[in-house]
Amino acid sequence: MKLLDNMRSEIRFRHYSIRTEKAYIDWVKRFIIYHNTKHPKDMGVSEIKIFLNWLAKEQNVAASTQNQALCAILFLYRFVIKREVEWVEGVKWAKKPKKLPVVFSKAEIQNIMPHLSDPHWTIANLMYGSGLRLNECISLRIQDIDFDFKQIIVRNAKGAKDRTTVLPDILENKLRHQIEHVQAVHKYDLEIGFGDVYLPYAIQKKYPSAAKSLIWQYLFPAKSHSFDPRSKKKRRHHIHIDSVQKNIRNAIIKSGVRKKGTSHSFRHSFATHLLEAGYDIRTIQELLGHEDVSTTMIYTHVMKKGAGAVQSPVDV
């Protein structure tokens, strides 16, 4: 337990997300349990290799999952045990399958949306209309909505980078009403002795009073207060990601759309439909926040033009 506590401290010192913390701790636990609770300081490259091969061969984990396990273990050795581990050779790496993203047509999206109610309807339309990831969407603060410049500011996104993306005209009134709702909820919270919200570490340290300001409140607050897993402080967080995913999954089923889509399919649809409309791929790359344009290029394979824009001979 002391080892895991030390690891938590190192993770929090580097301001990793709570999701990364949970994942890393879980992988280190599994690594130790797999080797019959042997202490990591008494293990090394060979034990790491055996564990990774077991994940690939016996557990059939995805390539990204196997890589996350390795990152967690290397973090443990580098920052907790304070020992550098040489590169792990001879690992049977899980193959990352090349899969095309699930994209909804405009007609399918029109069929899905009526089966969603607010705030899930607005969240789904933000993912489709602005290309936001689900986690980015539910983490939005009031100050991130810029009505004057018709843009949304996505802060501390993947890769710890900020970016801006388009604010759809159709959502302007909805978002103004949502902000009014947040304002009412925040006023109530202040009256009953709550009202402060989680802030990024640097902001919390520099501006402690900002936690109770309206502009820092989440755009999509949770219905009730909950305990922060790190500070143990009771406050109102943003809407839970599972709630949104469940509602979107049910809406897809009710709509009769016969695709295995998820909330992320709205973001895929945003990129694909912009490409079909003739927008430059570099522009779409910036709106999506992709590091490499090759990631954005995958959407060229699912456009309505078909595979390689080839016309089938049966249609000639």
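DSSP loop GluC sites (Glu not before Pro) in region 61-117 with at most 12 other Cβ atoms within 10 Å of their Cβ, which ones? Intermediate results must be reported in sequence, preceding the final value.
Working: sites: 84, 86, 89, 108; in loops: 84, 86, 89.
Qualifying residues, ordered by number: 84, 86, 89.
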**OP:** Please get the size of the charge dipole for region 75-118, origin at its Cα centre, with Cβ charges of +1 on Lys and Arg and -1 on Asp and Glu, quoted in debye to the nearest 20.
**Re:** 240
Original post:
Based on the alpha-carbon gyration tensor of the chain and its eigenvalue square roots a ≥ b ≥ c, which shape applies: rounded if a/c is under 1.5, prolate if not and a/b is larger than b/c, or oblate?
Top reply: oblate
Subject >> Over 25 Å between alpha carbons, listed pairs 106/254; 223/246; 150/206; 223/260; 57/98 >> reply: 150/206; 223/260
**OP:** Name the shape class, rounded, prolate or oblate, that the alpha-carbon gyration tensor gives for region 92-153, where a ≥ b ≥ c are the square roots of its eigenvalues, rounded holds for a/c under 1.5, and otherwise prolate holds if a/b is larger than b/c and oblate otherwise.
**Re:** oblate
Original post:
How about region 67-106: which chymotrypsin sites (Phe, Trp or Tyr not before Pro) there lie in a loop by DSSP and see at most 10 other Cβ atoms within 10 Å?
Top reply: 87
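Scan region 144-217 for trypsin sites (Lys or Arg not before Pro) in coil per DSSP, keeping those whose Cβ has at most 14 other Cβ atoms within 10 Å, and list them by number. Let's see the in-between values first.
Working: sites: 150, 155, 158, 161, 163, 174, 176, 187, 205, 206, 212; in loops: 150, 155, 158, 161.
Filter output for region 144-217: 150, 158, 161.
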**OP:** Please give the calculated 222 nm ellipticity per residue for the chain, where each DSSP H segment of at least 4 residues contributes -39500 (n - 2.57) and the sum is spread over every residue; nearest 500 deg cm²/dmol?
**Re:** -14000 deg cm²/dmol
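Suppose all protein chains stay in the model; what accessible area per residue would a 1.4 Å probe give for the chain, in Å²?
59
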**OP:** Quick one: check the C-alpha center-to-center distance for region 82-113 versus region 194-243, whole angstrom.
**Re:** 30
Original post:
Quick one: Cα centre-to-centre distance for region 33-50 and region 134-180, in angstrom?
Top reply: 45
Original post:
Given the C-alpha centroids of region 266-284 and region 1-25, what is the distance between them in whole angstrom?
Top reply: 37
**OP:** Could you look at the chain and say what percent of its accessible area is carbon and sulfur, using a 1.4 Å probe and all protein chains?
**Re:** 53
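The values are calculated or read from the model by the stated rules, or taken from the named source; none is laboratory data. Source: prediction; values computed, not measured. For neighbour counting, all protein chains shown are included, and Cβ atoms are generated from backbone atoms with ideal geometry for every residue, glycine included. Heads up: the accessible areas ignore ligands, DNA and RNA and are worked out on the full protein's heavy atoms, side chains in. Shrake-Rupley method; radii C 1.70, N 1.55, O 1.52, S 1.80 Å.
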